[in-house]
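Written below as structure tokens is the structure these notes are about.
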Amino acid sequence: MTADATDVVLTLDEVHDLSFRVLTRHGMSDAHADAIARVITQGQRDECHSHGIYRLLVCTRSLRIGKVNPRAEPTLRDVSASIVAVDAHYGFSLLAFETGLPVLLEKARRQGIAAMAINHCFHFSALWPEVEAIAREGLVGLAMNPSHSWVAPAGGKQPVFGTNPLAFAWPRPGREPFAFDFATSAIARGDIELHARQGKAIPSHWAIDSEGRPTTDAQAALQGAMQTFGGHKGSALAAMIELLAGALIGDLTSMESQAFDEGAGATPCHGELLIALDPKVFLGDGYEAGLARAEKLFGAVTGQGARLPSQRRFDARGRSMRDGVKIPRALYDDVLALLD
Ligand code: NDP
Ligand code: PYC
């Protein structure tokens, strides 16, 4: 890998080790620190810069604010034959996800479809590692969550919705799954934060300033309101996520998460909904044919030179596993300072 003086190159083990040390240094239990360090490493590995090592700054700020329980032990509740709920007890979401995943998979295999509600969690991570984990088990995965009310509805100017990510993965035996994962805002807020850190302009369709005018100034965007992607369509999906991963699972909407924060500036605190579907149950004897039909669909996309979502990530994954990852020197120095 070529790196200039403004970059630092780390192996994936070094990224994990650094993340684990920073998190435990800030009082986090080993179990939480390991779950989070693994996902931050995956984010950096796949060159998802808004959800890689940058998140250590966000996590540690939330820990210092004191609202997160850094040693919370998630508990499981068997809601029904096809629903499991995991209470994160105001810890970060990732250990709760890992605690509930085996039960979600077992219920989906038995019932054909199952849901997992994660409640009372601080949430900062990308969702593709979770739906990929479901697809690696041969199941179809869906995941979604609210965040803080940063995003104006289409046609409005006041923030109501979160950046509300929606992720999906379809298993492809012997190869990487078909997966997508996107914020229902025009871009993840983390990307605007990274532009603000680097003093870079943003495209004018990402956000409006506090006067309601489209802006290219990342700082003004953070103080104004973000825009949904795809106008009214992203707005409707964002609302759906508030309902399914908020109201339906008895947890906070993005407006309520923002109010719960009381201006402290911590990571959003709310719930998350995951759904797993087992193609073997849906398709029975038609399982092989169903998966072959999916492959034909993917081939029709790639056959004309279009790419599947996540292909950029999988390419980056290969490079990072071989060569390590490049981290901007200024970010690396800020992360190292967290060990002082
Ligand atoms: P992007 O717009 O970067 O990517 C969205 C998806 O579209 C990815 O799956 C991407 O695949 C795919 N894609 C991009 N370009 C193409 C293309 N030309 N052809 C086909 N597919 C394409 O993501 P966002 O900025 O919306 O979100 C980034 C991350 O932020 C997500 O992982 C999300 O989970 C996370 N997030 C988390 C939140 C939380 O509350 N925890 C809130 C909001 C966002 P590829 O990656 O391969 O380019
Ligand atoms: O990038 O929008 C975002 C985000 C919110 C919470 C975690 N990431």
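Descriptive notes on the structure:
- From phi via Karplus (6.51, -1.76, 1.60), per-residue ³J(HN,Hα) for the stretch 71-84 in Hz, x at Gly/Pro: 10, 4, 10, x, 10, 9, 10, 7, 7, 7, 4, 10, 10, 10
- By DSSP, the beta bridges lying fully in the stretch 1-123 are antiparallel in about 45 percent of cases.
- In this structure the amide hydrogen of Phe124, modeled in the peptide plane, comes within under 5 Å of the amide hydrogens of Ser93, none closer than 5 places in sequence on its chain.
- Modelled this way, with points 7 Å down the Cα-to-C-beta line, the labels at Thr11 and Asp333 are 2.7 nm from one another.
- For the listed peptides 103-113, 120-130, a ranking on the average number of other beta carbons within 10 Å per residue, highest first, reads 120-130, 103-113.
- The magnitude of the dipole of the chain, with charges of +1 and -1 set on the Cβ of Lys/Arg and Asp/Glu and taken from the Cα centre, is near 560 debye.
- Around the amide H of Ile187, modelled in the peptide plane, lies no amide H under 5 Å away from a residue 5 or more places distant or on another chain.
- With helices as the sole contributors, the chain gives -13000 deg cm²/dmol at 222 nm; each DSSP H run of n ≥ 4 counts as -39500 (n - 2.57), and the sum is divided by every residue.
- For the stretch 73-206: rounded, prolate or oblate by the Cα gyration tensor [a/c cutoff 1.5]: prolate
- Among Val68, Val58, Val131, the largest mean-square fluctuation in a Gaussian network model of the chain (Cα springs under 10 Å) belongs to Val58.
- Potential lengthening of the chain between Arg293 and Thr216 amounts to 23.4 nm, from the contour at 0.36 nm per residue minus the alpha-carbon distance.
- Sorted ascending by nearby beta carbons within 10 Å, beginning with the fewest, Asp46, Asp78, Asp87 become Asp78, Asp87, Asp46.
- Phi angles across the stretch 63-69 convert, under the Karplus curve 6.51 cos²θ - 1.76 cosθ + 1.60 with θ = phi - 60°, into 3J(HN,Hα) values of 5, 5, 4, x, 7, 6, 8 Hz, Gly and Pro given as x.
- Within the chain, percent of DSSP bridges classed antiparallel, to nearest 5: 85 percent
- Ranked for footprinting exposure by Cβ neighbours inside 10 Å, fewest first, His270, His195, His16 give His16, His195, His270.
- Tensor-based shape of the chain (alpha-carbon gyration tensor, a/c under 1.5 rounded, otherwise prolate or oblate): rounded
- Length-normalised contact order for the chain - Cα pairs under 8 Å, 6+ apart - percent: 22 percent
- Here the Karplus curve 6.51 cos²θ - 1.76 cosθ + 1.60, taken at θ = phi - 60°, turns the phi angles of the stretch 235-243 into couplings of 4, 5, 5, 4, 5, 4, 5, 4, 6 Hz, with x standing for Gly and Pro.
No lab work stands behind these numbers, since they all come straight from the coordinates. Predicted, not measured: the structure shown is a model, and the values here were computed from it. Cβ: placed from backbone, ideal geometry, glycine included. Neighbour counts: every protein chain shown.
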